[in-house]
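The structure appears below as structure tokens.
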Amino acid sequence: MKPQELHQLVFNFRAARAVMFAVQAGLFEELCQEDLTIDELVARLELHRVSTTILLETLVQLNILNKQGMHYSVAQDLRATLRRDTAGSIANLLLLDANHWSNWSVAEDFFRPGQATSFAYDRQSNFAVAMQQGVGEMNVRLAQVLLAHAPRHIVDVGSGPGLLIEQVLGTATDLKYTLVDFARTLDIAKGNLSAYKQFDVNFLPHDIVLGKLPIEADCIVISRLLMGFDETEAKQILGNICHGLVHNGVLVINEFDTDTKVGALMSLDMLVNCGARVYGRDQLAKLLDELGFEIVSEQATTVFTRALSAKRKGI
Ligand SMILES: C[S@@+](CC[C@H](N)C(=O)[O-])C[C@H]1O[C@@H](n2cnc3c(N)ncnc32)[C@H](O)[C@@H]1O
């Protein structure tokens, strides 16, 4: 097996889990019989509208559902497989597996019976390392997007371990940089950027949900930040960030692209794990519009992420 094939194999669990959940929720039973709009579906199954939209859009990206105008339908070739009452159905097996899935959370009991301690796992440090892996050239491309705006001061809000700023510093050491995150995360970033101590690199511990950015800059970037927050908090964050942007400054938002399979699955993952979602281009455009901003350019930073650059309207 090749590394790329292994990558594909293990990450397919997200797609598999989404399909199983859709079976559990009864989506296919309805959509195999007739094409329905989101409003019709949520009314019939008594589901939450926003969450159901995220699930349906993911199933569209997986080519299991088709969407025509406002209507969703199950791809014709899959109907007999996804209905529970047909000879060739796998829906009952999927339902069984969906309910067995939760047993993996206690699987450790069979491998270390009688032991009180769990497999070692430190969420904070694992998260920091996981953030550095699996994004390929994303920060290289995002650094190019930032530098194309010819900034003098780049602020990276939710900087994580500082890999984006390290990337920019690789080509531009004459700018001012500020990394904003929680103090504990900034300690990791300080370690990663220790080779750049002689340059104008600053670390600002700040909770961007709770307070306005207390500094000003002509270029502020947020990368994979908004997807951790519900819409109320996302609005709050954008408002707090814009406060620190000089009048003709640029705000760069790098997020997963919900019109891709990976991006849609990530949105579902954020929903289930944080009650949040990945905001698509249209949702971001709307949030920015409410703050008096408009998107001025956009670039892909990987095949499943893209950076939107926004400025105050009329700039
Ligand atoms: C998903 S990581 C992304 C890190 C980095 N921007 C990247 O794309 O690799 C989100 C980062 O936002 C930070 N963060 C989350 N909530 C925050 C808040 N309220 N204020 C400041 N930073 C926050 C987290 O600590 C984490 O480092």
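Remark: pairs (first residue in segment 225-244, over 19 Å from residue 127 (Cβ atoms) and touching a residue at least 12 places away in the same chain (Cβ under 8 Å); second residue part of a helix (DSSP H, G or I) and within 13 Å of the ligand (Cβ to nearest atom); Cβ separation under 8 Å; 6+ apart in sequence or on different chains) = 234/226; 238/226. Listed by first and then second residue, the pairs with beta-carbon distance under 7 Å, at least 6 apart or on different chains, first residue in segment 146-160 and assigned by TED's automatic domain parsing to the domain that holds residue 234 and among the acidic types (Asp, Glu), second more than 7 Å from the ligand (Cβ to nearest atom) and assigned to a strand (DSSP E or B), are 156/179; 156/221. Looking at this structure, is residue 315 touching a residue at least 12 places away in the same chain (Cβ under 8 Å), within 15 Å of the ligand (Cβ to nearest atom) and either surrounded by fewer than 21 Cβ atoms within 10 Å (Cβ to Cβ) or of a type in the set (Val, Ile, Thr) (or both)? The answer is no for residue 315. Within segment 123-138, being within 10 Å of the ligand (Cβ to nearest atom) and either in contact with a Ser or Thr (Cβ under 6 Å, 6 or more places away or on another chain) or among the charged types (D, E, K, R) (or both) holds for one residue alone: 138. For residue 164, only one of the following conditions fails: (1) modelled with pLDDT of 90 or more; (2) assigned to a loop (DSSP other than H, G, I, E, B); (3) within 16 Å of the ligand (Cβ to nearest atom). What is its number? So the condition that residue 164 fails would be (2).
Those residues that are over 13 Å from residue 219 (Cβ atoms) and modelled with pLDDT of 95 or more, I need them from segment 145-161; list them, please.
We begin by selecting, within segment 145-161, every residue over 13 Å from residue 219 (Cβ atoms); these are 158-161.
Within segment 145-161, 158, 159 qualify.
If you scan segment 42-78, which residues turn out to be outside any helix (DSSP H, G or I) and touching a residue at least 60 places away in the same chain (Cβ under 8 Å)? The answer is 62, and nothing else. Where strands (runs of 3 or more DSSP E) sit wholly within segment 199-269, those with at least 3 residues that are within 22 Å of the chain's Cα centre (by Cα) and crowded, with 22+ Cβ neighbours inside 10 Å occupy 217-223, 245-256.
The values are calculated or read from the model by the stated rules, or taken from the named source; none is laboratory data. The model shown is predicted, which means the values in this text are computed figures rather than measured ones. Here the Cβ is made from the backbone with ideal geometry for all residues, glycine too, and neighbour counts use every protein chain on show.
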